[in-house]
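No value in this document is a laboratory result; all are computed from the given coordinates. Predicted, not measured: the structure shown is a model, and the values here were computed from it. In this analysis, Cβ positions are derived from the backbone assuming ideal geometry, glycine residues included, and neighbour counts consider all displayed protein chains.
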Amino acid sequence: MPAITYEKKGKTAIITLNRPESYNAINSEIWKGLLEYWLAVRDDPEVWTLIVTGAGEKAFCAGVDLKETAERKAQADTEGRPFVSAMPEVTPMKGMDLPKPVIAAINGIAAGGGLELALACDIRIAAEHARLGLPEVARGLIPAAGGTQRIPRLIPFGLALEMLMTGDFINAQEAYRVCLVNRVVPADQLLPSALALADKINQNGPLAVRAVKEAAYRGMQMPLAEGLYMEALMLGRVRQSEDAWEGPRAFAEKRKPLFKGR
């Protein structure tokens with residue numbers, strides 16, 4: 001069985017980490033697949049949204065495969081060469097920002113690199129039994145796939161530091177309370193809920209959706225005045241599209257708009 005799978009349902013793509021026996025830990029094959037499928041979503045005009053999830057009921061992703069890492073280290077030592085991590089320099093967590101909306105469907109444990117993958121998504125939906133944490137400090141390491149930078153931007157700074165410094169996990173309800181996840185649903189409703197949300201997003205103009213995503217992320221790094229100026233420039237860009245005229249036309253004609261992404 002492949003360690004990672006990719007499928008399309010209408011305008012939504014689904015990437016599934018498919019190693020349930022290993023809590024969907026990220027090995028070399030998953031790293032390769034994540035890069036390949038991330039680019040496939042980016043370049044496919046028929047895909048408007050992406051859902052990332054894990055196979056089985058126990059885990060979304062338990063982080064990097066430490067068993068594989070230990071084997072690679074032992075092999076490097078035996079061969080007398082420096083250890084090279086299986087993690088590529090550019091990943092969905094670092095350097096591969098996707099212009100299209102990405103939803104994480106967290107179906108269980110999201111630990112270390114697994115939580116960092118979820119943090120790199122735009123919206124997070126968690127199953128009721130999900131647990132989330134960044135336990136790297138317990139191993140003498142740090143969450144260096146975006147964990148130290150993203151979590152303080154999503155939840156109160158003190159709570160972020162507590163999670164980072166203790167390595168403790170929080171449950172789904174606590175994650176919802178501190179706004180780390182957008183909603184919590186029963187396990188059997190997780191993927192249907194993610195698909196329903198993706199479908200709701202897909203009913204809107206895709207160029208407009210991508211523009212608001214870009215504006216929101218870029219604006220977080222700017223003073224308000226600069227952000228407002230950028231917003232105006234992006235509105236001018238969006239107005240040049242066919243979709244920007246289809247929306248008002250459909251409203252006037254009392255019908256649903258037929259957006260084409262151009």
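In a simple Cβ point-charge model (Lys, Arg +1; Asp, Glu -1; nothing else charged), the chain has a dipole of about 800 debye relative to its Cα centre.
Annotation: the residues V181, V90, V47, sorted from fewest to most other C-beta atoms within 10 Å of their own C-beta, follow the order V90, V47, V181. Where both bridge residues fall in the chain, DSSP classifies roughly 30% of the beta bridges as antiparallel. Calculated [222 nm] ellipticity per residue, helices only, for the chain: -13000 deg cm²/dmol; basis is -39500 (n - 2.57) per DSSP H run with n ≥ 4, divided by all residues, nearest 500. Given all pairs of different Cα atoms, what value in angstroms does the Kirkwood hydrodynamic radius of the range 206-252 take? Result for the range 206-252, one decimal place: 11.4 Å. The residues K260, K213, when put in order of fewest to most other Cβ atoms within 10 Å, stand as K260, K213. If you run the Gaussian network model on the chain, springs between alpha carbon atoms under 10 Å, then out of C61, C179, C121 the most flexible one is C179. Between the residues L224, M234, L258, the greatest Cα displacement towards the positive end of the dipole of the range 215-262, with unit charges on the Cβ of Lys, Arg, Asp and Glu, is found for L258.
When only Cα pairs under 8 Å and 6 or more residues apart are kept, what is the percent relative contact order across the range 127-259? Normalised by residue count, the contact order of the range 127-259 is 21 percent. Projecting the Cα positions of N171, I30, A145 onto the charge dipole of the range 4-202 (unit charges on Cβ atoms of Lys, Arg, Asp and Glu, taken about the Cα centre) puts N171 furthest along the positive direction. Within the shell of other residues whose beta carbon sits under 14 angstrom from the beta carbon of V184, the net charge comes to +1, with Lys and Arg scored +1 and Asp and Glu -1. Have a look at F60, F157, F251 and tell me which one the Gaussian network model of the chain (Cα, springs below 10 Å) gives the largest fluctuation. Sorting by GNM fluctuation, first place goes to F251.
Within 10 Å, at most 11 other Cβ atoms, and a DSSP state outside H, G, I, E, B define an exposed site. Report the longest part of the chain free of exposed GluC sites (Glu not before Pro).
90-252
Only four residue types carry charge here, +1 at the Cβ of Lys and Arg and -1 at the Cβ of Asp and Glu. Report the dipole size of the range 206-252 about the Cα centre in Debye, rounded to the nearest 20. Here the range 206-252 has a charge dipole of around 40 debye. Compared with the rule-of-thumb size 2.2 N^0.38 Å for a compact globular protein, the chain has a Cα radius of gyration ratio of 1.08.
Going by a ≥ b ≥ c, the root eigenvalues of the Cα gyration tensor, does the range 140-229 fall in the rounded group (a/c under 1.5), the prolate group (a/b larger than b/c) or the oblate group? Oblate.
Placing unit charges on the Cβ atoms of the charged side chains and taking the dipole of the chain about its Cα centre, the candidate lying farthest along the positive direction among W245, M93, C61 is W245.
Remark on the range 111-262: Rg and Dmax equal 19.1, 62 Å (Cα only).
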